[in-house]
Amino acid sequence: MTICCPVTQEPEPVSTANIAKNSLKIALLGCGNVGAEVARILLDDAAMLTRRSGTDLELIGIAVRTVDAPRTVELPAELFTTDASGLIARADLVIELMGGIEPARTLIREAITQGASVVTGNKALLAVHGPELYQLASENAVQLSYEAAVAGAIPILRPIRDSLAGDTITRVLGIVNGTTNYILDQMDTTGADFAAALAEAQRLGYAEADPTADVQGHDAAAKAAILASLSFHTDVALDQVHCEGIAEITSADIEAARESGLVIKLLAIAERLQDEEGERINVRVHPTLLPRSHPLAAVHGAFNAVFVEAENAGELMFYGQGAGGRPTASAVMGDVVSAARRIVLGGPGRTETASGHLPAADIKTVRTSYSVGLEVSDEAGVLAQIAGIFAHHGASIETLRQTLRPVSDPASDTQPSAELRIVTHRASESALAATVAEVRALPVVKAVTSVLRVEGI
Ligand code: NAP
């Protein structure tokens, strides 16, 4: 039997018949975790990059704050400067890897208005000022590319923008923050509590000393805004993303999820809604219960994955390293070569379109399944009272599990407790909130121990 395999080979060199430029001057802004690796690739792999882009990619300088700070990669000292604007003025293509809002925003605007294409990994900047910068790039007929801004090395933005350009994306579910995935995975696999799992993430360098942006969901929310804007061809501002973090997740929540065949993940969710109010979108970040059989449940440690549902393509999954200098530099370099090819061939820049103009749905109207944990008195009639309240508010119960809590001193006359774990059918957040408020007020309910959204059931 003959087995035919695709032959792996170097791609055809880009045709030089119609070259507008035969050398591109590249300015790099920032030389930290990612920037240093980008500089290394530009210098070490120069011959390969020339073959693939059809032009020499000449690194003309690296702008930093401190010229003689120690670097993770050995680089020629003469490349370093603190004059970012002076560097940009000489460049055809600018790679921004400084991070933060300013001076990154001003420097990117300078580059674009001077006719240079820009590659960036700055999700915080794009989530707030993306539409303004895309518009400026379009007006100046240059490219603004940012594959590295979402999920590090994983090619996800180009597939959404280009490969799925002829399809309609209905939903995107992403594990787009490696720190929180690591913490939740540690809690699930080792039984550690939140504080211990966070400390371990910090020890291993997955979490910053100040983990707020990760743990509170802000980093994932910035990525969700970018994913939603591209998926739905609609400008989605960061303040339109409903955001909840993982700091409140307890070992008991993790344990209860496991007993129900579920796992808790921090998901960025962007979905297209079609109901009596018309077509709208909803973008949110929150801890979510997923069945263990769902593809995203198998994403462990600090890895990232994005699950895309499209009308014709069906379900697609993109998986890989969501951070780290080298993996993120790979995504940056993909954008650099792609931008260089277009500059070389004199083709039109790739521009973002916001033609969808879909309104954002109020989170209170969005319908999802919920898991509600209750501690109740173990006495007759309790279940009927609680089920009646759920039904009254239209949050119908899909499953209910009851566990009897042992009383520590059997001789005491303390009323025994039971733990209830209720999973609802899809209900709006306002219906669920009203249900929980009424249940909480029942004398037989000792505590509402958790309220979590469930996806994928
Ligand atoms: P980083 O290690 O903190 O490096 C930042 C670099 O920018 C440093 O070299 C710093 O110079 C320079 N810089 C900062 N402010 C500056 C200023 N005002 N003027 C001149 N230079 C300035 O950052 P990173 O981790 O490489 O991240 C870079 C970008 O990639 C960020 O937007 C980040 O969100 C994004 N990203 C990072 C990752 C990742 O895994 N790290 C993943 C995806 C996306 P000095 O060295 O002189 O201080």
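The values are calculated or read from the model by the stated rules, or taken from the named source; none is laboratory data. The structure presented is a predicted model; accordingly, all values stated were derived computationally and were not measured. Note: ideal-geometry Cβ built from the backbone for every residue, glycine included; neighbour counts use all protein chains shown.
Quick rundown of the values:
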{"quantity": "GLY301 being under 18 Å from the mean Cα position of the chain (by Cα) and within 16 Å of the ligand (Cβ to nearest atom)", "calculated": "yes"}
{"quantity": "Residue ID - farthest from the ligand (Cβ to nearest atom), chosen from residues in segment 40-55 that are touching a strand residue (DSSP E or B) at 6+ places or on another chain (Cβ under 6 Å) and hydrophobic (A, V, I, L, M, F, W, C)", "calculated": "LEU49"}
{"quantity": "Matching residues in segment 332-348 - criterion: being more than 16 Å from the ligand (Cβ to nearest atom) and in a helix (DSSP H, G or I)", "calculated": "VAL337, SER338, ALA339, ALA340, ARG341, ARG342, ILE343, VAL344, LEU345"}
{"quantity": "Filter result for ALA257 (away from the ligand (no atom under 16 Å from the Cβ) and buried (at least 22 other Cβ atoms within 10 Å of the Cβ))", "calculated": "yes"}
{"quantity": "Test: residue in segment 278-292 that is out of contact with any His (no Cβ under 8 Å at 6 or more places or on another chain), crowded, with 22+ Cβ neighbours inside 10 Å, within 27 Å of GLY191 (Cα to Cα) and of a type in the set (D, E, K, R)", "calculated": "no"}
{"quantity": "Residue selected from segment 153-165 under the condition closer than 17 Å to LEU126 by Cβ and among the hydrophobic types (A, V, I, L, M, F, W, C), by the criterion nearest to the ligand (Cβ to nearest atom)", "calculated": "ILE154"}
{"quantity": "Matching option when the condition is touching a residue at least 12 places away in the same chain (Cβ under 8 Å) and among the acidic types (Asp, Glu), among GLU110, GLU74", "calculated": "GLU110"}
{"quantity": "Test result for ALA323, surrounded by 19 or more Cβ atoms within 10 Å (Cβ to Cβ), within 16 Å of the ligand (Cβ to nearest atom) and at pLDDT below 95", "calculated": "yes"}
{"quantity": "Candidate set: segment 201-254, residues that are among the aliphatic types (A, V, I, L, M), at pLDDT below 95 and more than 20 Å from ASN304 (Cβ to Cβ); chosen: the one surrounded by the fewest Cβ atoms within 10 Å (Cβ to Cβ)", "calculated": "ALA209"}
{"quantity": "Total residues in segment 66-107, condition away from the ligand (no atom under 11 Å from the Cβ) and not in a loop (DSSP other than H, G, I, E, B)", "calculated": "8"}
{"quantity": "Residue tally, condition crowded, with 21+ Cβ neighbours inside 10 Å, farther than 13 Å from LEU93 by Cα and out of contact with any Ser or Thr (no Cβ under 6 Å at 6 or more places or on another chain), over segment 136-151", "calculated": "4"}
{"quantity": "Candidates GLU58, GLU37, filtered to the one that is over 10 Å from ALA340 (Cα atoms), more than 10 Å from the ligand (Cβ to nearest atom) and among the charged types (D, E, K, R)", "calculated": "GLU58"}
{"quantity": "LEU136 over 16 Å from ALA268 (Cβ atoms) and touching a Phe, Trp or Tyr at 6+ places or on another chain (Cβ under 7 Å)", "calculated": "no"}
{"quantity": "Unique residue being in contact (Cβ under 8 Å) with a residue 40 or more places away in the chain, in a loop (DSSP other than H, G, I, E, B), crowded, with 24+ Cβ neighbours inside 10 Å and out of contact with any Cys (no Cβ under 8 Å at 6 or more places or on another chain) when the list is ILE154, ILE183", "calculated": "ILE154"}
{"quantity": "Residue within segment 286-298 that is modelled with pLDDT of 95 or more, more than 16 Å from the ligand (Cβ to nearest atom) and charged (D, E, K, R) present", "calculated": "yes"}
{"quantity": "Candidates VAL150, VAL176, VAL128, VAL119, filtered to the one that is within 16 Å of the ligand (Cβ to nearest atom), modelled with pLDDT under 95, of a type outside the set (Gly, Ala, Ser) and closer than 27 Å to LEU267 by Cα", "calculated": "VAL128"}
